[in-house]
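Asks: Right, I'll just put the structure down here and ask away after.
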Amino acid sequence: MDTQTLIYIFVGVSFALYIGIAVWSRAGSTKEFYVAGGGVNPVVNGMATAADWMSAASFISMAGLIAFLGYDGSVYLMGWTGGYVMLALLLAPYLRKFGQFTVPDFIGTRYYSKVARVVAVICLIMISFTYIAGQMRGVGIVFSRFLDVDITMGVIIGMAIVFVYAVLGGMKGITYTQVAQFCVLIFAYMVPAFFISFLITGNPIPQIGLGSQVNDGSGMYVLQKLDMVLQDLGFGAYTEGSKSTIDIFCITMALMVGTAGLPHVIVRFFTVPKASDARKSAGWALVFIALLYTTAPAVGAFARLNFVDTVNNVEYSESAEWFRNWEANSLIVWQDKNGDGVMTYSSGDAFEGKPEFTGETGANGERLVSNTSNADSTNEVYVDRDIMVLANPEIADLPGWVVALVAAGGLAAALSTAAGLLLVISSSISHDLLKSTFAPQISEKGELLAARVAATAAILVAGYLGIYPPGWVAQVVAFAFGLAAASLFPAIFMGIFWKFMNKEGAIAGMISGLVFTFGYIVYFKFVVSPDANVAANWLFGISPEGIGVIGMLINFGVAIIVSKVTTSPPIEIRQLVDSIRVPRGAGDAAAH
Amino acid sequence: MSDNEGETTKAEQAYWKENIRLLVTLMAIWFLVSFGAGILFRPFLDQFALGGYPLGFWFAQQGSIYVFIGLIFFYTVRMKQIERKYDLDD
């Protein structure tokens with residue numbers, strides 16, 4: 001069977017599975033729709049959290065980013081896992097004990113204020129839509145390459161699938177589809193990683209392979225060889241990286257705190273039976289996440305080695321089939337600057353900007369672009385980093401079924417996260433805006449209907465963002481973390497650990513953190529020219545990706561000062577804080 | 001953070017104190033392996049090798065993640081013990 005047929009089969013079967021599960025676990029009440037009924041086993045919840053969490057960015061983009069960033073890629077590895085320690089130790093058990101449906105629920109109740117609740121909803125919606133844009137772009141990339149449809153069609157198919165299981169099943173439906181999606185995505189990620197690690201080092205375990213010797217008889221370690229090869233081509237050493245220490249520090253911190261403040265992750269801890277289960281569940285989530293996250297650096301390093309080997313100094317007419325496939329999808333370009341018919345890969349950009357195809361082909365049959373060549377560099381190859389994981393099995397010449405598996409895995413990753421995000425958006429609109437703020441007399445049935453209508457509307461917006469994507473997958477996602485770190489995390493943290501934080505402080509803190517972070521990112525990404533977005537112009541040398549940390553500090557500072565000069569919270573709020581600090585009685589809390 | 005106003009029982013106060021002490025210790029380890037070994041002391045640690053890994057690079061891309069998992073499960077077990085001790089478990 002050819003690879004294309006295998007892809008249709010793998011993707012078709014996995015989609016049928018998700019929809020089957022969704023129909024079987026339809027939500028009948030708001031409690032099932034918002035928190036899956038509240039009785040999910042902590043290990044199962046850990047698996048669902050891992051799928052919810054590992055998005056198109058983790059599955060598709062992360063190893064590619066690490067491949068090209070080397071040591072600098074560590075910010076994603078530590079940042080996107082370290083946040084779980086904060087979640088398990090600082091937030092999850094207390095939020096579970098509090099026992100409501102959404103993150104704005106906690107903020108609205110703890111800060112005894114409808115305004116605080118609405119501000120939290122606004123933060124949540126901004127974070128979720130920033131994030132979901134990246135997911136839909138991921139769906140588009142995978143579909144267009146593997147299902148042979150254009151990106152718009154791919155996004156529409158993705159929207160239809162998510163619609164069925166998020167709108168019908170609510171949290172109950174997505175919990176069990178996410179378990180299935182986790183199995184698909186982790187299997188799809190590990191299989192090619194085992195193969196490639198074995199081919200390059202002789203050791204099939206990628207985590208060990210990355211620290212082993214290359215199988216070519218040179219006796220060099222993988223990382224040593226990579227450092228040498230890259231330096232020969234004019235790149236920096238792989239294990240050194242090029243970002244400043246303060247920037248690495250701040251980006252890692254922003255990603256960690258952001259992880260702990262992301263509403264679609266927090267809400268998953270509302271679905272387990274007990275407060276102690278929330279801790280356990282965060283631990284299991286990190287185990288399942290670490291499977292992929294400790295493999296990704298190996299995949300990245302191996303992919304980079306393979307890429308250099310199969311591209312640099314190879315005649316275009318001899319180039320591999322995967323190279324042509326991805327060229328046809330506009331994600332790889334070869335511009336024959338010196339006219340020798342041989343591809344040269346070295347540091348620097350091949351040409352300026354994103355490729356603009358002229359529609360014609362050159363002397364060797366390559367697709368021509370109208371971009372101005374970059375005279376400062378001998379590099380002739382443009383490569384979109386997002387393709388590294390998807391192209392990896394093809395680059396390493398693995399069998400067709402592995403390629404098909406990766407296609408199904410990439411879709412599972414993107415769809416599971418998109419569904420989780422859609423759900424927090426819809427539940428905060430129906431529950432926090434309608435039921436708790438503007439239409440308190442709404443019936444349970446009406447609220448459920450509103451949640452489904454809101455989910456549908458959110459899918460349409462997400463689809464639009466997927467068809468007209470605002471940028472690189474992982475980069476867009478990184479912004480969501482900065483916003484979460486600067487707005488929601490401090491409000492939740494102080495709500496638990498400082499009894500005397502009052503509503504004025506929390507509201508002022510959230511607004512100032514959000515406005516500062518959003519303004520900084522928009523200024524450097526959209527207002528000034530890309531040339532001005534450099535370390536010399538940044539505040540303390542911190543890039544827009546890491547600025548959420550400063551936003552968080554501003555939030556803390558403003559909140560503490562404002563709460564000191566205004567009246568302290570009423571006695572029943574202090575009693576509420578006391579009660580969420582002890583686990584006893586968590587079982588009843590959900591019912592109030 | 002020790003804002004007691006007689007609203008809580010003695011057991012709850014002692015429980016919360018022990019919880020905070022455990023939190024501070026574990027968060028210190030969390031900070032040391034990631035921001036310490038993986039970032040601030042990486043150039044120094046990179047002189048040493050763990051197999052084919054420079055040590056600081058290993059902490060940044062592998063080691064800190066393993067430690068994170070250990071921290072959460074240790075916390076889960078210790079908290080259960082503390083909660084039993086004060087009879088506050090769920």
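Asks: Residues to consider are A:Asp52, A:Asp72; find the one that is over 21 Å from A:Ile266 (Cα atoms), of a type in the set (Asp, Glu) and touching a helix residue (DSSP H, G or I) at 6+ places or on another chain (Cβ under 9 Å).
Replies: A:Asp72
Asks: Let me ask you something else. Which pairs do you get when a residue that is assigned by TED's automatic domain parsing to the domain that holds A:Tyr131, found in region A:231-257, comes within reach of a residue that is among the hydrophobic types (A, V, I, L, M, F, W, C) and not in a helix (DSSP H, G or I), reach meaning Cβ atoms under 7 angstrom, with the pair 6+ apart or on two chains?
Replies: A:Gln231/A:Ala237; A:Ile246/A:Ile542; A:Asp247/A:Ile542; A:Cys250/A:Ile542
Asks: Let me ask something additional. Mind checking which residues of region B:31-83 are surrounded by fewer than 16 Cβ atoms within 10 Å (Cβ to Cβ), more than 18 Å from the chain's Cα centre (by Cα) and in a helix (DSSP H, G or I)?
Replies: B:Pro43, B:Phe44 - these are the residues of region B:31-83 that are surrounded by fewer than 16 Cβ atoms within 10 Å (Cβ to Cβ), more than 18 Å from the chain's Cα centre (by Cα) and in a helix (DSSP H, G or I).
Asks: In the list A:Gly585, A:Gly546, A:Gly551, A:Gly519, which residue meets the criterion of being within 26 Å of the chain's Cα centre (by Cα) and within 14 Å of another protein chain (Cβ to nearest Cβ)?
Replies: A:Gly546
Asks: Can I ask one more? Which members of region A:148-183 meet the condition of being open to solvent by 20 Å² or more (accessible area, probe 1.4 Å) and farther than 26 Å from A:Glu447 by Cα?
Replies: A:Asp148, A:Val149, A:Asp150, A:Ile151, A:Thr152, A:Met153, A:Ile156, A:Ile157, A:Val179, A:Cys183
Asks: Please verify whether A:Arg117 is among the charged types (D, E, K, R), open to solvent by less than 30 Å² (accessible area, probe 1.4 Å) and within 14 Å of chain B (Cβ to nearest Cβ), treating the condition exactly as stated.
Replies: So A:Arg117 does not fit the description; no.
Asks: Which of the following residues is open to solvent by 10 Å² or more (accessible area, probe 1.4 Å), small (Gly, Ala, Ser) and modelled with pLDDT of 90 or more: A:Gly509, A:Gly546, A:Gly551, A:Gly557?
Replies: The conditions single out A:Gly557.
Asks: Scan region A:237-256 and tell me whether some residue there is open to solvent by 10 Å² or more (accessible area, probe 1.4 Å), hydroxyl-bearing (Ser, Thr, Tyr) and outside any loop (DSSP other than H, G, I, E, B).
Replies: Yes, the conditions are met somewhere in region A:237-256.
Asks: Here's a follow-up. Looking at A:Gly466 and the list (1) closer than 30 Å to A:Asp384 by Cα; (2) open to solvent by 40 Å² or more (accessible area, probe 1.4 Å), which single condition is not satisfied?
Replies: Unmet for A:Gly466, out of (1) closer than 30 Å to A:Asp384 by Cα; (2) open to solvent by 40 Å² or more (accessible area, probe 1.4 Å): (2).
Asks: I'd like to check something: does region A:535-555 contain any residue that is within 30 Å of B:Asp89 (Cβ to Cβ), touching a Gly at 6+ places or on another chain (Cβ under 9 Å) and not polar (S, T, N, Q)?
Replies: No, region A:535-555 contains no residue that is within 30 Å of B:Asp89 (Cβ to Cβ), touching a Gly at 6+ places or on another chain (Cβ under 9 Å) and not polar (S, T, N, Q).
Rundown of residues vs (1) within 14 Å of another protein chain (Cβ to nearest Cβ); (2) open to solvent by less than 60 Å² (accessible area, probe 1.4 Å); (3) under 30 Å from B:Ile82 (Cβ atoms), yes/no style:
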{"site": "A:Asn537", "(1), (2), (3)": "no, no, no"}
{"site": "A:Lys564", "(1), (2), (3)": "yes, no, no"}
{"site": "A:Ile571", "(1), (2), (3)": "yes, no, yes"}
{"site": "A:Asp578", "(1), (2), (3)": "yes, yes, yes"}
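Conditions (1) within 14 Å of another protein chain (Cβ to nearest Cβ); (2) among the aromatic types (Phe, Trp, Tyr); (3) outside any helix (DSSP H, G or I); (4) open to solvent by 10 Å² or more (accessible area, probe 1.4 Å), marked per residue:
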{"position": "A:Leu69", "(1), (2), (3), (4)": "yes, no, no, yes"}
{"position": "A:Asp72", "(1), (2), (3), (4)": "yes, no, no, no"}
{"position": "A:Leu77", "(1), (2), (3), (4)": "yes, no, no, no"}
{"position": "A:Gly82", "(1), (2), (3), (4)": "yes, no, no, no"}
{"position": "A:Leu89", "(1), (2), (3), (4)": "yes, no, no, no"}
{"position": "A:Tyr94", "(1), (2), (3), (4)": "yes, yes, no, no"}
{"position": "A:Lys97", "(1), (2), (3), (4)": "yes, no, no, yes"}
{"position": "A:Ile107", "(1), (2), (3), (4)": "no, no, no, no"}
{"position": "A:Tyr112", "(1), (2), (3), (4)": "no, yes, yes, yes"}
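The values are calculated or read from the model by the stated rules, or taken from the named source; none is laboratory data. On a predicted model such as this, the values are computed, not experimentally measured, just so you know. Every residue, glycine among them, receives a Cβ derived from its backbone with ideal geometry; neighbour counts consider all protein chains shown. Just the protein is used for accessible areas: all its heavy atoms, side chains included, with ligands, DNA and RNA removed. Shrake-Rupley method; radii C 1.70, N 1.55, O 1.52, S 1.80 Å.
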